[in-house]
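Engineer: After the structure tokens below, expect a handful of questions from me.
The values are calculated or read from the model by the stated rules, or taken from the named source; none is laboratory data. Predicted, not measured: the structure shown is a model, and the values here were computed from it. Methodologically, a virtual Cβ is constructed for each residue, glycine included, from the backbone with ideal geometry; neighbour enumeration extends over all protein chains shown. The protein model used for the area step is the full one, side chains on, heavy atoms only, and it has no ligands, DNA or RNA in it. Shrake-Rupley method; radii C 1.70, N 1.55, O 1.52, S 1.80 Å.
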Amino acid sequence: MTPLHLTADRAGERADQFLARMLPELTRSAAQKLLEEGAVTKGGLPVKKNYKTAPGDELVLALPDPTPLDVLPQDIPLDVVYEDGDVIVINKPVGMVVHPAPGHPDGTLVNALLYHCKNSLSGINGTLRPGIVHRIDRDTSGLIIAAKNDFAHLALAEQLQDHSLYREYEAVCVGTLKEDGGTVNAPIFRHPTDRKKMAVNKLQGRPAVTHWTVLERLTGHTHIQCRLETGRTHQIRVHMAYLGHPLLGDIVYGSKKPVPGLAGQCLHARRLSFTHPRTGQRLTLECPLPDWFTQTLHKLRSN
């Protein structure tokens, strides 16, 4: 496998933090493991996980050979919006988990991709998350991109980092937003008491920016468009709750009472735009609002 050459752009950043930042879907623990195994070098010498980078440092990541997958391919139907030899874009349905995790060992998008793509998925994220460049929540529907090789994965990860991978969502939030649009710039970190939740934390949080625009005001609710500048876990859900307007149906960050007709939060990843890793062509993809979303809008309009 061709080594990945990563150039540091910050002073005093730990090597494990740097790797996790440059490859957004590489967890901090996975980065530490690679460092401990000597997979990261600088000038031919192994780099320790607590090494502090300097601007211009070139770290070379030699990913280990793939190990046999514990995740089994499953013949699960996929709504493929775009596919070629480097990338595949899926319109994910509500209820599908992106990758295996405790409580969700199979039936995930990864299981379906392994069956659909055979052996053509990137290995940067390890055996449980092959091909996965970014994630969307289980109960969020819409577009998600996966990489079929490490070349494509690294290029897409760089676009996530420099915000050129454009992601646009539509949502319905509770309450009436007074302004026609705005930006939430509020760092996000793990919730201090509930490990399954995230929260705005201005001291410890990672930068998180969400731009929102009102599409339609409904009785007691607002239909909005959201554009992600960053991609933190639960970002739109946390930011809208932070504004006092949690997403309709979000029982984690809003009302604990489920909404009839909704399996979770009313949130759909509608548009995705990226520069193709190999051709350099700018691709913009879109998928329509699912029936459950349009039916929710119709009910709110009828009220």
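Engineer: May I ask you to say which residue of 272, 262 is crowded, with 19+ Cβ neighbours inside 10 Å and closer than 15 Å to residue 93 by Cβ? Show your work before the answer.
Structural biologist: Details: 272 fails: closer than 15 Å to residue 93 by Cβ.
Only one candidate qualifies: 262.
Engineer: Only residues that are surrounded by fewer than 19 Cβ atoms within 10 Å (Cβ to Cβ) and closer than 22 Å to residue 179 by Cβ: list them for the stretch 242-252, please. First the steps, then the outcome.
Structural biologist: Of all residues in the stretch 242-252, those surrounded by fewer than 19 Cβ atoms within 10 Å (Cβ to Cβ) come to 242-244, 251.
Scanning the stretch 242-252 gives 242, 243, 244.
Engineer: Now for a separate question. Looking at this structure, is residue 294 assigned to a helix (DSSP H, G or I), in contact with a Pro (Cβ under 9 Å, 6 or more places away or on another chain) and among the hydroxyl-bearing types (Ser, Thr, Tyr)?
Structural biologist: Values: assigned to a helix (DSSP H, G or I): yes; in contact with a Pro (Cβ under 9 Å, 6 or more places away or on another chain): yes; among the hydroxyl-bearing types (Ser, Thr, Tyr): yes.
Yes; evaluated as a whole, the condition is true for this residue.
Engineer: Name, by its number, the condition in (1) out of contact with any helix residue (DSSP H, G or I) (no Cβ under 8 Å at 6 or more places or on another chain); (2) at pLDDT 85 or above that does not hold for residue 67.
Structural biologist: All conditions pass for residue 67, except number (2).
Engineer: Hey, another quick one. Is there a residue in the stretch 190-199 that is farther than 20 Å from residue 265 by Cβ and outside any loop (DSSP other than H, G, I, E, B)?
Structural biologist: Here is the first cut: in the stretch 190-199, the ones farther than 20 Å from residue 265 by Cβ are 192-193.
Filter once more, keeping what is outside any loop (DSSP other than H, G, I, E, B): none.
No, because not a single residue in the stretch 190-199 is farther than 20 Å from residue 265 by Cβ and outside any loop (DSSP other than H, G, I, E, B).
Engineer: Same structure, new question: Which one of these is surrounded by 21 or more Cβ atoms within 10 Å (Cβ to Cβ) and either within 30 Å of residue 88 (Cβ to Cβ) or of a type in the set (D, E, K, R) (or both): 221, 239, 211? Break it down stepwise before answering.
Structural biologist: Values: 221 fails: either within 30 Å of residue 88 (Cβ to Cβ) or of a type in the set (D, E, K, R) (or both); 211 fails: surrounded by 21 or more Cβ atoms within 10 Å (Cβ to Cβ).
Matching residue, one of 221, 239, 211: 239.
Engineer: For the stretch 124-133, name all the residues that are crowded, with 20+ Cβ neighbours inside 10 Å and either modelled with pLDDT of 95 or more or assigned to a loop (DSSP other than H, G, I, E, B) (or both). Give the steps one after another, and end with the answer.
Structural biologist: Initial filter on the stretch 124-133 (crowded, with 20+ Cβ neighbours inside 10 Å): 124-126, 129-133.
Selection gives 124, 125, 126, 129, 130, 131, 133.
Engineer: Please work out which residue is modelled with the lowest pLDDT, limiting yourself to the stretch 193-229 and to residues that are basic (Lys, Arg) and more than 20 Å from residue 251 (Cβ to Cβ). Write out each step before concluding.
Structural biologist: First, pick out the residues of the stretch 193-229 that are basic (Lys, Arg): 195-197, 202, 206, 217, 227.
When the remaining residues are screened for being more than 20 Å from residue 251 (Cβ to Cβ), the result is 202, 206, 217, 227.
Numbers: 202: 91, 206: 87, 217: 97, 227: 97.
By that ranking, first place goes to 206.
Engineer: Would you please list the contacts, defined by Cβ atoms under 8 Å and residues six or more apart or on different chains, that run from a residue in the stretch 272-287 that is of a type in the set (Gly, Ala, Ser) to a residue that is part of a loop (DSSP other than H, G, I, E, B) and surrounded by 16 or more Cβ atoms within 10 Å (Cβ to Cβ)?
Structural biologist: Cβ pairs passing all conditions: 273/165.
Engineer: Mind listing just one residue for me: the one in the stretch 9-53 that is closer than 25 Å to residue 146 by Cβ and hydroxyl-bearing (Ser, Thr, Tyr) and, of those, least open to solvent (accessible area, probe 1.4 Å)?
Structural biologist: Looking at residues that are closer than 25 Å to residue 146 by Cβ and hydroxyl-bearing (Ser, Thr, Tyr), I get 27.
Engineer: Does residue 119 satisfy the condition of being on the phi < 0 side of the Ramachandran plot, without any contact (Cβ under 8 Å) to a residue 12 or more places away in the chain, surrounded by fewer than 15 Cβ atoms within 10 Å (Cβ to Cβ) and assigned to a loop (DSSP other than H, G, I, E, B)? Write out each step before concluding.
Structural biologist: Numbers: on the phi < 0 side of the Ramachandran plot: yes; without any contact (Cβ under 8 Å) to a residue 12 or more places away in the chain: yes; surrounded by fewer than 15 Cβ atoms within 10 Å (Cβ to Cβ): yes; assigned to a loop (DSSP other than H, G, I, E, B): yes.
When the stated conditions are applied, residue 119 passes them.
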